[in-house]
Amino acid sequence: MCVALERAEPDCAQDDVTTLKQLQEIDTLDLHRRFPALLRRACEKKALQCAVALSHSSSFYPFQLFSAALVKQLDRETLKVLIEQGELHLDSWFEVEDKWVSGEWGEPWNGWQDDSDDNDSVGEIYGRLKYWKPLLILFIDAHNFECAEFLLEAGARTDVCEWASEWLAGGDSEGGAQKYDSYLQLSHRRHWQITLFCPGKTPLHSLLLSVRGSPGALSLTEDEWYAQKFRLLQRIVAVASKSNTQCLEWQSSIPVAGLQTEMCSLSLACFLLQVEAVVELLAAREAALGREEGARLIAFAMTPGPTYTFGRSHRETQERCIAVLKALAEGGADLSASSALYEACMVNAESVFDFLLETGVSPKRVGEICSPVALAVCMQYRRWSMAEKLLSRGTDPNEAHACGGVTGSRVLAVEAYLVASARLLLYERETELQMKVLEGLARAKADFKSPIRDGKYTPLSFAIEFRLTEEAEFLLRHGVSMGARPDLLEGRLRESHASPWLNNIICTPSCQGPELEKILRSLPASVVNSPTKVFKTCFCTEVLESPLGAALAAQYSGGLKALIEAGANVNVATRTRRVQRDPTKPYAPLLLAFETRQWEAAKILVQGGADTKCVREMWLESEGETDTPACLQDCPATLLSLIRPVLTASAPSESG
C-alpha cells in the first residue's frame, strides 16, 4: 500500500488513473486525509481522467483547495468536468490579492505581485488589497477566453462585479489598517494595471480592457486572439442585454491618469476606441443616443489616454477614432453638439479634425461662452495647418478662449498666435505656414489693435519686443497701429542696444510708412543711437550699422526724420549694408547722404544739426584738390545754400 500511495501523485500528474482507482476501492483509505491536494495536482497538470476520478470521491472537498492562480489556468475540458461534477460553481467567487512594493524613500513604484507570486524579495511590500473576483472575470483577466465562453454557454451570470474586501498596509495580516485605507487606495490607483481590482468592474469591462500580449494569449495568432475576444464579447453583450439588472449600464471606476473616472461598458469601449464593441453595444440598445449622452461618449472617444493606446500608431488611433465617431453618429449622437473639434486640436489628430469639418461640424464655438475655442487652441499648440483650415471655413477669430492654456485665461486667437510664435526657436519656425495663418486672421478681420497680455502690449508692440520679424513686418504692411505708446515698448527695445532686425524693418519697403515712423519716434534715444551688426549685401561680412545708417541704406527719408526726432545723433559715423567708397571705415550720415545723392535726406540731416564740415573734408580729399566732387555738382541749390557758409570758408582759392 505504501508503494501505491507513493505512486499516486506521479501517476496523477501523468493522467494515469490505474493506481488511483485501486486506492479508491480500499474502504479504509481516506484520500482526503492522506492526499488532500490530489485533485488540485490533477488540475494543475491538466490530468483530465484523474480529475474526473477524484471528483467522484464522496469524501473529498476540493473547492477549499482551489486558488485563483490554479483555476484561471484550467482548460475547457477540465473546467467542464469540475462544473458538471459540482466541484466548481458557474458563479464562484475567489478572494485574490493585489500586492505592490515600494522603491527608494518609501515611494511606491509600479511593481506588482499577484497572488501566485511567493517571492517578495523584489522590494518591501508597500500595500495589499484583498478583494473578491467572479470566476468569469478571473478567466477573462487571464485571457482564458475558451473557459469564459464555456461558463456563458453553461448559464453563468454577467451581472457580477469585483468587490473590495480589505486594504492592508505593508505586511499586516489583520484588519487594523483602516486608517491607511484612503492613502492605500490612492496609491493603488496611481499604479493600477488593467487586470487589477477596479471598483464595479464587470466581465464586459474586463474583456474590453484585455490586451493581447499576456502569457495566456501568446499561443494564438493575433487574428485568432481577436476572433476569440470578439466572439466572447458578442456572447456577453447578448446575455447582459437580457438581464433585468441593466448591467450594461453599470459604472466602473476606471483609474485614468491617477484619477477615477466612472465608465459604463459603452463609455469604456469609446475610450479604448474598440470599434467592434461600440457597434455591438449600440446595436443592443433599445433607444437612440440622447444629446448629452452622445456628447459624453464623443468626449471619451476624443480623449484616449496614452496608457490605453496599446501600442497603436498615431495614424491607427485616428482611424479608429473616426470609425467610433461614425458609429456614434449613426447611433444618434450629434457631432456638432460636442467639443470634438477642440479635442482633435488638443491631441493633434488632424485626420479626425478633417473628418469632423467634412461632416459639417461648425468651426465656431459650440455651447456657452465658457466653452473652449478650437482656433485659439490651434494657435496655442502651434497646429498651424489646422488653424488655416478653421479660418478658411469661416471661424470667428475674435471669440475669446476661456479655458486657459499656455497663454492664460480668455485669450483671442491673435494673442495665442503671437505668444506661441515667441516661444518657438529659430529652427522650429514654420514661417511660410505661420504667415498663411496670419493672413487668414487678417482676412477674417481679427482684432489686431486691442491690448493683449493683460494690457501690457498691443500685437505690434509684442511682435517688436519679442523680435518676431515676419509678424512685425506683416502688421506694419497692414497698417496695424500700436498707438505709438512708448510704455508699450518695454523690454529689449528699451535696453541700451537695438534689436538686430530693427534696421532690417527700416530697410524693408513694405514696412515703411506712417505706422513705422510712429514707432521710431517713440523709441528711446538709447535705442536709436545703438548700432547693430548686419550683413553687407555684396559680401558675407558683418558691419556695425546704426538705425540712421539703415534709413540711409534704404533711402527712407521719413524714417530718417523720425529717428532724428527720437534723438538720434546725426554726427555719429556709421557703416551701412550698402557699398561705400571705403568699406573699412564708418562715414558721417551727411556724407553718406551726399555720396548716394539723397538730397532730401541730406537736407533733413543738416536741419537736424549735422556738422557740414564732413562735406568740406570730402571736397578737400577729392582728386587734384581743385575739382568739385560730382555729388556737389549735382546738389540742388536749396541744399547747397544750407552748406555754402562752410564751403566758402574752406574752398580753394581757384574755385568759383
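Where a number appears in this text, it was derived from the coordinates with a stated rule and is not lab data. Keep in mind the model is a prediction, meaning the values are calculated, not measured. Backbone-built Cβ (ideal geometry, glycine too); neighbour counts: all protein chains shown.
Taking 0.36 nm per residue of separation and subtracting the Cα-Cα distance, what length does fully extending Ser392 through Ala422 add? Don't skip to the end; give the middle numbers.
Numbers: separation 30, 0.36 × 30 = 10.80 nm, distance 2.42 nm.
Gain on stretching Ser392 to Ala422: 8.4 nm.
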Using alpha-carbon positions, the gyration tensor of the range 309-401 gives root eigenvalues a ≥ b ≥ c; with a/c under 1.5 called rounded, otherwise prolate if a/b exceeds b/c, else oblate, the class is oblate
Place a label point 7 angstrom from the Cα of Ser362 along the Cα-to-Cβ direction, then list the residues of the range 377-397 whose backbone nitrogen is under 17 Å away.
-> 390-397
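Figure the gain on full extension for Ala573 and Glu350 (residue separation times 0.36 nm, minus the Cα-Cα span) and round it to one decimal in nm.
Details: separation 223, 0.36 × 223 = 80.28 nm, distance 5.47 nm.
Result: 74.8 nm gained on full extension.
Set the Förster radius R0 to 22 Å, insert the Cβ-Cβ distance between Leu433 and Lys326 as r into 1/(1 + (r/R0)^6), and round the FRET efficiency to 0.05. The partial results should precede the final answer.
On the way: r = 30 Å, r/R0 = 1.34.
Once the sixth-power term is evaluated, E becomes 0.15.
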Note down the nm distance, to one decimal, between modelled labels 7 Å out along Cα→Cβ at Thr245 and at Leu642.
-> 9.7
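With a Förster radius of 22 Å, plug the Cβ-Cβ distance of Ala284 and Tyr226 into 1/(1 + (r/R0)^6) and report the FRET value to the nearest 0.05. Present the calculation step by step, with values, prior to reporting the outcome.
Working: r = 20 Å, r/R0 = 0.91.
Plugging the Cβ-Cβ distance into 1/(1 + (r/R0)^6) gives 0.65.
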